[in-house]
1. Suppose we filter the stretch 102-116 for residues that are exposed (fewer than 13 other Cβ atoms within 10 Å of the Cβ) and within 15 Å of GLY138 (Cα to Cα); how many remain?
2. Conditions: (1) farther than 23 Å from ARG78 by Cβ; (2) in a loop (DSSP other than H, G, I, E, B). CYS35 meets all but one. Number of the miss?
3. Can you pull out the residues in the stretch 94-111 that are in a helix (DSSP H, G or I) and modelled with pLDDT of 90 or more?
4. Take the conditions at pLDDT 80 or above and surrounded by fewer than 10 Cβ atoms within 10 Å (Cβ to Cβ) and apply them to LYS45. Does it pass?
5. Every residue in the stretch 3-25 that is exposed (fewer than 15 other Cβ atoms within 10 Å of the Cβ), closer than 16 Å to THR44 by Cβ and over 16 Å from the mean Cα position of the chain (by Cα), please.
6. Taking MET63 as meeting all but one of (1) aliphatic (A, V, I, L, M); (2) under 18 Å from the mean Cα position of the chain (by Cα); (3) at pLDDT below 90, write down the number of the exception.
7. Could you give me the residue pairs with C-beta distances under 8 Å whose first residue belongs to the stretch 66-91 and is part of a helix (DSSP H, G or I), whose second residue is modelled with pLDDT under 80 wherever it lies, and which are 6+ apart or on separate chains?
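The values are calculated or read from the model by the stated rules, or taken from the named source; none is laboratory data. Quick caveat: nothing in here was measured; it's all calculated off a predicted structure. Here the Cβ positions follow ideal geometry from the backbone for every residue, glycine too, while neighbour counts run over all protein chains shown.
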Amino acid sequence: MKVFDLRCTQDHVFEGWFGSEEDFRSQLDRGLLECPMCGSQEITKGLSAPRLNLGAQPPAAAMPAPRAAAAPVQEHQRKLHALQAAWLEASRKIVEKTEDVGDRFADEALRMHKGEEPERPIRGQATPQQALELLEEGVPVLPLALPKGSKQTLQ
């Protein structure tokens, strides 16, 4: 099993487990890999050090303390990883507790808002225009991301 540190174009870092380097390349080439934070499929593999289990070894001499200048960078990385972990956990909970209605999201949300069908937690896709129309109707929506390649923004 190969464990790689992967990174998307938004600098989200996450782990990927693969049967081999070839398995990783194959999945990447077929567009099967995506960032769990933002959904980007532009993934690169970071530097990975192999883990060699050579049995119990005495601990190496203590590493010298990192330079003071490295401390802010390490703290930033720690905070970034904590934020990414929290986002991933929240995303998993949303997926777990909502129904995916796909591209019917705008219609389903509007029908629930008008009382035409019972309210339930849903998620799905809507165009930026559909999201704006829902907001104008007073439907509470939370746009999480715009479609890939979209230059439009919600205001």
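1. Residues in the stretch 102-116 being exposed (fewer than 13 other Cβ atoms within 10 Å of the Cβ) and within 15 Å of GLY138 (Cα to Cα): 2 in total.
2. Only one criterion is unmet by CYS35, namely (1).
3. Answer for the stretch 94-111, where residues must be in a helix (DSSP H, G or I) and modelled with pLDDT of 90 or more: GLU96, LYS97, PHE105, ALA106, ASP107, GLU108, ALA109, LEU110, ARG111.
4. no
5. Once the filter is applied, which keeps residues that are exposed (fewer than 15 other Cβ atoms within 10 Å of the Cβ), closer than 16 Å to THR44 by Cβ and over 16 Å from the mean Cα position of the chain (by Cα), the stretch 3-25 yields VAL3, GLU21, ARG25.
6. Against the list (1) aliphatic (A, V, I, L, M); (2) under 18 Å from the mean Cα position of the chain (by Cα); (3) at pLDDT below 90, MET63 comes up short only on (2).
7. Hits for this filter: GLN74/PRO66.
Residues are listed down the side, and each one gets a yes or a no for (1) in contact (Cβ under 8 Å) with a residue 12 or more places away in the chain; (2) touching a Gly at 6+ places or on another chain (Cβ under 8 Å); (3) among the β-branched types (Val, Ile, Thr); (4) at negative phi:
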site	(1), (2), (3), (4)
ASP103	yes, yes, no, yes
ARG111	no, no, no, yes
LYS114	no, no, no, yes
LEU134	yes, no, no, yes
GLU137	yes, no, no, yes
